[in-house]
Amino acid sequence: MARTTPHDPAAPRLAALAALLADETRASFCLALLDGRAWTAGELARGAGVAASTASEHLGKLVVGGLLTEERQGRHRYVRLADGRTAQLIEELAAHAHAGAQAPVRSLRDASLQHALARGRTCYDHLAGRLGIRITDAMTERGLLRQDSGFTLTEEGLEWFGSLGVPLGTASRRPLARGCLDWTERRPHLAGTSGAALCRHALDAGWCERIGTGRAVRTTSAGLRALSEHLGIEPSTIDAE
């Protein structure tokens, strides 16, 4: 008698999740929302080049599927990624998707955007791209972060955050530090509570500034000096403009 494989009850849910991301428009929405901010259907529609009614239909499916959450303010409806775990899933899937042949660049604008995202960007609430990797490497080299058995802040790392005046809340159930696979560098960058706190500080202190309305960030002159002073990062390794 032939043996049969028991049916895993998680299989339908996994298939449904895969189906949600199998549409290019819905996938583009999820990637755009990796900046951690809330967007309206109209804003996402313009970015993806689809009609507002089409965007609304796709966003409804993503909300029902649990990948997005919505907020309403008056007549406006905003959507954002459901949580950090969802952001990690999208970023890691993007890393796997980019592991194969690179998609052809269709225009100078696309080439400029790819370069900007590769140089530095936000991944939900932490820094990614070459900037995020250089910070992660520098923290590791200086003994502030350990990567030998997962991502762990050392005592020196905790003191370093304190010296910057960056609070690390302990009430959150999120890990203090974790690795997030970077889809352009193919290596993990710092995420978790500490990664989010450092990103917030970099933006608030003017170390970085957003480029346009997307995820790309640019390191400022003040940021280059700060990263050199606090982490010994050479400006040329970030490829700042």
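The values are calculated or read from the model by the stated rules, or taken from the named source; none is laboratory data. These numbers were taken from a predicted model, which means no experiment stands behind them. Glycine gets a Cβ as well: all are built from the backbone with ideal geometry, and neighbour counts include every protein chain shown. When the accessible area is computed, the model is the full protein with side chains, heavy atoms only, and any ligands, DNA or RNA have been set aside. Shrake-Rupley method; radii C 1.70, N 1.55, O 1.52, S 1.80 Å.
Some points to look at:
- Residue-averaged 222 nm ellipticity for the chain, from DSSP H runs of 4+ at -39500 (n - 2.57), nearest 500: -14500 deg cm²/dmol
- The C-alpha atoms of the chain define a longest principal axis, and helix 84-97 lies at about 80 degrees to it.
- 0 to 90° range, to nearest 10: angle between helix 129-141 axis and the chain longest Cα axis: 50 degrees
- Nearest-20 debye value, the chain charge dipole, Cβ charges on Lys, Arg, Asp, Glu: 640 debye
- Heavy-atom SASA rank of Ile233, Ile211 (probe 1.4 Å, accessible area, largest first): Ile211, Ile233
- Dipole of the stretch 1-89 [Lys/Arg +1, Asp/Glu -1 at C-beta], most positive-end residue of Leu21, Ala32, Gly84: Gly84
- For the stretch 19-44 versus the stretch 214-231, the gap between their alpha-carbon centres in whole angstrom: 27 Å
- Label of the coordinate-derived value, volume of the Cα convex hull per residue in Å³, listed as (1) 140; (2) 122; (3) 184: (3)
- Computed from Cα atoms, the angle from the helix 11-21 axis to the main principal axis of the chain rounds to 70 degrees.
- Of the residues Ala177, Ser228, Cys208, the one whose Cα sits farthest towards the positive end of the charge dipole of the stretch 162-241 is Ala177 (charges of +1 on Lys and Arg Cβ, -1 on Asp and Glu Cβ, taken about the Cα centre).
- Total formal charge among the other residues, if their Cβ is under 13 angstrom from that of Gly42, Lys/Arg +1 and Asp/Glu -1: +2
- Lys, Arg +1 and Asp, Glu -1 on Cβ, resulting dipole of the stretch 120-241 about Cα centre, debye, nearest 20: 460 debye
- Burial order of peptide ranges 184-196, 9-21, 119-131, 142-154 (average beta-carbon count within 10 Å, highest first): 119-131, 184-196, 142-154, 9-21
- The string of couplings for the stretch 150-155 from the Karplus curve (6.51, -1.76, 1.60, θ = phi - 60°) is x, 8, 9, 6, 7, 4 Hz, one whole number per residue in order, with x for Gly and Pro.
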